[in-house]
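Notes to accompany the following structure.
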Amino acid sequence: MLNSDALFRVALLVLSALGTWLFVYSAWFSDDALISLRQVVMLGDGHGMVWNLGQRVQAFSHTTWFFLLSLGYVLTGSLFHMTLAVSWACVAGALVLYWRYCRALNSGWLMVALMALPLMSAAFRDYMTSGLENPLSFLLAAGIITLVLKKRTARHDQALWLLFALAILTRQDHALHFGPLALWVLYKNGFWRQLRASLPAVALLIGWFAFATFYFGAPLPNTYYAKLTAGVPQADTTELALLYAKVSLDMRMGTVLVIAFGLVAALMASAVSRVLALGIVAHLAYLWSIGGDFMVGRFLTVDFLMCCFIIADGARHIPKPRSTAQTAFLALCVFSIERPVVIETDLEKLEFRHVIDERLMFASVFGLMSPVRDWPEIRATDPDTKVEYIYAGCGFIGEARFSWPDSIHIIDMCGLTDPYMARLPTFHDQRKKPGHFKRMVDLDYAQLVLTGAFPDGAYGGSRTMLEQIWSISRDPLTAPGRLSSIIGLNVRDTDLDQSHWTHPDKTGQNYLLEENWIGEPPEGFARWIRPSKAHDAYFDRKFGATPNASPSVSALQSRE
C-alpha cells in the first residue's frame, strides 16, 4: 500500500497530466476577451490603449492581466497562443500551491479527493482559459492564502501586500474577496509593521489610478461606468439577480455546492478560513446587488477556489474518516452534476436566458481544439485611417473589431468600449442582460464621430459631457484644456436630461435603438454581427430572420 508521500507524488503526477489535458481540450476565447486583446495588440503595435482607432478608453477592468498579456505580446509577437500559455502557467501555479496545502494534511485519500476537487467544476474548467483574467485571479488568490497561512518574515509581509494590490488591479471586486483578510492581517500581525510593509502596494495602487485618470480621464475602468452607473432601478437589478441565481443552480450546481460547503466548513476551520469566508460572503452580496453577470459561473470561480482551501483547512479539525468520506462524496457530486468535458459545437444545446453558457456560445469558433476554429487575424493598423462607416451594436463586437477595418467605427451601445456611451443611462426596456445595458445612439453623436465636427444637436443635456470626453479621449495628452475637461468630467454634475435617454420617443428619427449600421454599410457586411454561419442560423431560428434595416439608419445619411 502506498504511503502518504508516495500517494501524493502519484496524485500530483496524475492530476497534473489530467489538468493539462483538460486545459488544452477545453481552451477557448470569449468575445469579451477579444475586446481586451484588441487593446493588447493596439498597445503592443504602438497605437496606445485604444479600441476604436484614435479614441483612448480603458475597456478592460483587469489592469494586471492586461499588462501581463501586453508584455507577452511584445516579447513573442504571438497573441492567442501566448495568452493560453500565460493562462496555463497561472492555473498551474495556483493548483500547485493548493495541492501543496492539501499535502500538509498527510492523510491519504482525503488528500487525493481534495486535490481533485477543483478539476471537477465546469465553471473552473471553463475559466482556466477564455482569455479573461480568471487564471491570474486564481494564482493571486492561492498566493495570498498561502502567504497568510505560513509564518512570514518582513519580506513575506511586503510580498503579501503587493499581492493584495495586484489582485485589486486584476479585478476591483477582489477588494471584497480579500479586504477582510487584509484588515485581519493588520490587526493580528502588528499594525505599524504591516502599515510599513504595505507602502509599496499602496504606492502602486495610487500610481495606477492617478495614471488612469490622466490617460483615460477617469480612475476606474470604463466598464464600471457602463455597468454600475446605467441607472437600472433596484427592482430590475433584483430580478436579474434572481435569474442569475436560478441559472447558476441549474447549470453550475456543483460549483455552488462547493461554495456552500466551504462556507459551512469555515465555521469548523481556523480563524483565517472564517475571515476568507467573510470575504466570499461580501463578494456574493455584491454580485447580488449588481444583478449578477451574463456569463454563468465566471464570477463564482474565485469564490470556488477559496472554498477549496477552506474545505482543506476544515478537514484538519474533524476526524479524518469522516472528512475523507465527506470530501470524496462532495467531489463525486460535483463531477456528476457539472457539465461533462466535451468540445461543444452544437449551439442547439444553448438555452438563451440572458445568463448563458458562454463557452458553449463561442467554443465552436474560438475553441483551441475545435475542428472549425476561426481565430481573428491580427492585421496591421494605419494610424491615419479615416472613419468612413459607423456601426452601432453591443453583441459580438470583440470579434468584429478584430476582423473589420479601422475605417469602420463601432459605437458600443452597451458602453463597454465607448467612454461617452458608458455615462449615459440605459433606456427602460433594455435591462434584461446583467452587465450589458443598451443606450440609444444619438445620430448627432454618430455624425460627430464621422466628421469630427460638433453638429447643432441637443444631445439630451449631454453636450458638455460629450465635449469633455471628446477632448479627454482624442486630444494629445498635454493639450490645453484637457486637464480641465478631466476635472469637469469627474467632479461636476453633467445635468443630463434623464427622461430623454431612459424613455425615448420612438416616433423620432434622431436616434437608434437597435443594433444596425448608421448610414450606408460597406459592401458585404450584414446588419447583425455573427462570428459564424452556425451562430447566424441559430439566432434566426431562435428569434426569426433579421430585417435588412430599420428606418432610422438612413437619417444620418439624409442630413449630410
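The values are calculated or read from the model by the stated rules, or taken from the named source; none is laboratory data. Owing to the predicted nature of the structure, the values given are computational and were not obtained by experimental measurement. Every residue, glycine among them, receives a Cβ derived from its backbone with ideal geometry; neighbour counts consider all protein chains shown.
Okay, residues lined up against (1) touching a helix residue (DSSP H, G or I) at 6+ places or on another chain (Cβ under 8 Å); (2) at pLDDT 75 or above; (3) outside the structural domain of Leu132 (by TED's automatic domain parsing); (4) outside any helix (DSSP H, G or I):
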| position | (1), (2), (3), (4) |
| --- | --- |
| Ile280 | yes, yes, no, no |
| Asp293 | yes, yes, no, yes |
| Cys307 | yes, yes, no, no |
| Asp313 | yes, yes, no, no |
| Phe329 | no, yes, no, no |
| Val342 | no, no, yes, yes |
| Thr345 | yes, no, yes, yes |
| Arg353 | yes, no, yes, yes |
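Is the range 431-442 home to any residue that is more than 19 Å from Asn222 (Cβ to Cβ) and either assigned to a loop (DSSP other than H, G, I, E, B) or hydrophobic (A, V, I, L, M, F, W, C) (or both)?
yes
Only one of the numbered conditions (1) farther than 30 Å from Thr451 by Cα; (2) crowded, with 16+ Cβ neighbours inside 10 Å; (3) of a type in the set (A, V, I, L, M, F, W, C) is violated by Phe352, and that is (2). The condition (being closer than 25 Å to Ser4 by Cα, among the hydroxyl-bearing types (Ser, Thr, Tyr) and in contact with a Leu (Cβ under 9 Å, 6 or more places away or on another chain)) is satisfied by just one residue among Thr170, Thr146, Thr129: Thr146. If you go through the range 37-49 and keep only what is surrounded by fewer than 23 Cβ atoms within 10 Å (Cβ to Cβ), in a helix (DSSP H, G or I) and touching a residue at least 40 places away in the same chain (Cβ under 8 Å), you end up with Val41, Met42.
Please enumerate the residues belonging to the range 187-203 that are part of a helix (DSSP H, G or I) and surrounded by fewer than 17 Cβ atoms within 10 Å (Cβ to Cβ).
Result: Tyr187, Lys188, Phe191, Trp192, Arg193, Leu195, Arg196, Leu199, Pro200, Val202, Ala203.
Inside the range 174-183, residues that are surrounded by 16 or more Cβ atoms within 10 Å (Cβ to Cβ) and either aliphatic (A, V, I, L, M) or at pLDDT below 95 (or both) make up a count of 4.
Those helices (runs of 4 or more DSSP H) of the range 53-151 in which at least 1 residues are polar (S, T, N, Q), considering only elements entirely within it, cover 63-76, 80-103, 134-149.
Residue-wise test of (1) β-branched (Val, Ile, Thr); (2) under 26 Å from Asp313 (Cα atoms).
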residue	(1), (2)
Leu186	no, yes
Ala210	no, no
Tyr225	no, no
Gly231	no, no
Val258	yes, yes
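The sole residue among Thr238, Thr223 that is β-branched (Val, Ile, Thr), surrounded by fewer than 16 Cβ atoms within 10 Å (Cβ to Cβ) and in a helix (DSSP H, G or I) is Thr238. Residues in the range 371-387 that are in contact (Cβ under 8 Å) with a residue 60 or more places away in the chain and in contact with a helix residue (DSSP H, G or I) (Cβ under 8 Å, 6 or more places away or on another chain) were compared, and the one that is farthest from Ser130 (Cα to Cα) is Val387. Reported count of residues in the range 529-546, each being part of a loop (DSSP other than H, G, I, E, B) and either touching a residue at least 24 places away in the same chain (Cβ under 8 Å) or not assigned by TED's automatic domain parsing to the domain that holds Gly398 (or both), is 4.
Applying the condition of being in a loop (DSSP other than H, G, I, E, B) and touching a Cys at 6+ places or on another chain (Cβ under 9 Å) to the range 358-415 and asking which residue is surrounded by the fewest Cβ atoms within 10 Å (Cβ to Cβ) yields Gly395.
When every residue of the range 274-287 is checked against the conditions, none turns out to be over 21 Å from Phe178 (Cβ atoms) and small (Gly, Ala, Ser).
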